[in-house]
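Please treat every number below as a calculation from the coordinates, not as lab data. The model shown is predicted, which means the values in this text are computed figures rather than measured ones. Neighbour counts run over all protein chains shown; Cβ positions are idealised from the backbone, glycine included.
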């Protein structure tokens, strides 16, 4: 048997395995089964967790992965804004380049946080902005971002889409199947915007 024959057989085996795994994933989803194919890591549950309705726990588990994607995306967007604004305008960019209405809203949110008696969410002012305000900071300071993003209009459209998708995730509502697909595509669009 030649190396070409072996490589072809390995590729066919890998493809067949992938198709089988995908079919089993679909079967598990359609029939609400767990065939125990994946290694399950047991997490310690609080005593009260079992008291929540089973359908809420199931929804939470399904939504967890979408929350995780959005959490990482939003944190990376905020970090990227800080990095590029400092690079272009200096460490004092917040005071010099952010609109007064956004600064006031952030100041109010920080004061509410401080008055709550709970641990403050963050020391970074940008962490108190809304998603829409993040978009405004970028578009009103486009010169700091134009080398990274292909198009200002594309950036605005993607941010508007992400803002709409963020709502159900942030407010504990399940995403419809179409919205799960839309989230996946929009996240891909975000990264494609920087290619």
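Just a few scattered comments:
- Pairs of Cα atoms nearer than 8 Å and 6+ residues apart set the relative contact order; for segment 95-195 it is 23 percent.
- Nearest-0.05 FRET efficiency for residue 36 and residue 147, computed from C-beta distance (R0 45 Å): 0.35
- Against the chain, whose longest principal axis comes from its Cα atoms, helix 100-116 is set at around 70 degrees.
- By the helix-only formula, in which each DSSP H run with n ≥ 4 contributes -39500 (n - 2.57) and the sum is divided by residues, the chain has a 222 nm mean residue ellipticity of -23500 deg cm²/dmol.
- Given R0 = 35 Å, the distance between the Cβ atoms of residue 103 and residue 50 translates into a calculated FRET efficiency of 0.20.
- Inter-site label distance for residue 61 and residue 96 at 7 Å from Cα along Cβ, in nm: 5.3
- Tilt relative to the chain, helix 131-140 - C-alpha long axis, 0 to 90 degrees, to 10: 60
- Structural descriptor for the chain: relative contact order 18 percent, calculated from alpha carbon pairs under 8 angstrom and at least 6 residues apart.
- Estimated translational D of segment 125-172 in µm²/s (Stokes, Kirkwood radius over Cα pairs; 20 °C; 1.002 mPa s): 186
- Option label - Rg/Rh (Cα atoms, Kirkwood Rh) computed here, alternatives (i) 0.94; (ii) 0.96; (iii) 1.09: (iii)
- Ordering of 159-167, 100-108, 28-36 by packing [mean C-beta count within 10 Å, highest first]: 159-167, 100-108, 28-36
- Computed across segment 80-154, the Kirkwood radius stands at 13.3 Å (inverse of mean 1/r, all Cα pairs).
- Distance from the C-alpha centroid of segment 158-195 to that of segment 49-80: 13 Å, rounded to the whole angstrom.
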